[in-house]
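Read through the structure below, which is laid out as structure tokens, and then see the notes.
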Amino acid sequence: MAVFARRAEQTRLGGVGQVRNSMDRAAYLLLNRLDLEGPMGVKALAAGMGIDSSTVTRQVAPLVDTGLVKRTSHPEDGRAVVLELSVRGLNRLEEVRSSRRELMSQVTDGWTEEERESFCTLLTRFNSALSARQSGPAPAEPAVNRATADGPAGTEPPPAS
């Protein structure tokens, strides 16, 4: 896991190509959420990301300063502020996404389509399990003899239910 985490961080920092294709993790997550969900207020953005409003405010400030995010008035309540991905922000996000996709393509070049799909399925399942564990009580461990459940050495475990 440590090697995977280190490699994932290197991917975040560089991707493929120039250093300009790197982006701070918080910035990427904020821009990505605004792209996927559209304009929203700080509270909604914070709630959707599972972080404090003050953290979002602090993380958004440099994105506004560099023109990646725009602050606009709420269409129904002019006193409220809405955060919106700017054209520049969308272009920058696409640069980083493209760089990351290219890196993943290069890394998995020798993989079959089935291997890529399996990897994506398992990684999604793993991330979902981590997310569920963080958002609620830890699931109870099943009372299973691991030696029996995994089968003899060198065999594949039975399919998960």
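The values are calculated or read from the model by the stated rules, or taken from the named source; none is laboratory data. Since this is a predicted model, take the numbers as computed values, not measurements. Glycine gets a Cβ as well: all are built from the backbone with ideal geometry, and neighbour counts include every protein chain shown. Please note that ligands, DNA and RNA were not included when accessible areas were found on the heavy atoms of the full protein model with its side chains. Shrake-Rupley method; radii C 1.70, N 1.55, O 1.52, S 1.80 Å.
Assorted remarks:
- Of the set (1) in contact with a Gly (Cβ under 6 Å, 6 or more places away or on another chain); (2) in contact (Cβ under 8 Å) with a residue 60 or more places away in the chain; (3) among the aliphatic types (A, V, I, L, M), all apply to residue 93 but (1).
- Within the stretch 36-54, the set of residues being loosely packed, with under 14 Cβ neighbours inside 10 Å, in contact with a helix residue (DSSP H, G or I) (Cβ under 7 Å, 6 or more places away or on another chain) and either among the hydroxyl-bearing types (Ser, Thr, Tyr) or not in a helix (DSSP H, G or I) (or both) comprises 52 only.
- If you go through the stretch 62-101 and keep only what is in a strand (DSSP E or B) and either crowded, with 17+ Cβ neighbours inside 10 Å or of a type in the set (D, E, K, R) (or both), you end up with 69, 70, 71, 82, 83, 84, 85.
- Being over 11 Å from residue 85 (Cβ atoms), outside any loop (DSSP other than H, G, I, E, B) and either small (Gly, Ala, Ser) or open to solvent by 40 Å² or more (accessible area, probe 1.4 Å) (or both) holds for only one residue in 58, 33, and it is 58.
- Contact map, the stretch 113-135: first residue within 15 Å of residue 4 (Cα to Cα), second residue of a type in the set (A, V, I, L, M, F, W, C), Cβ cut-off under 8 Å, separation 6 or more or different chains; pairs are 119/111.
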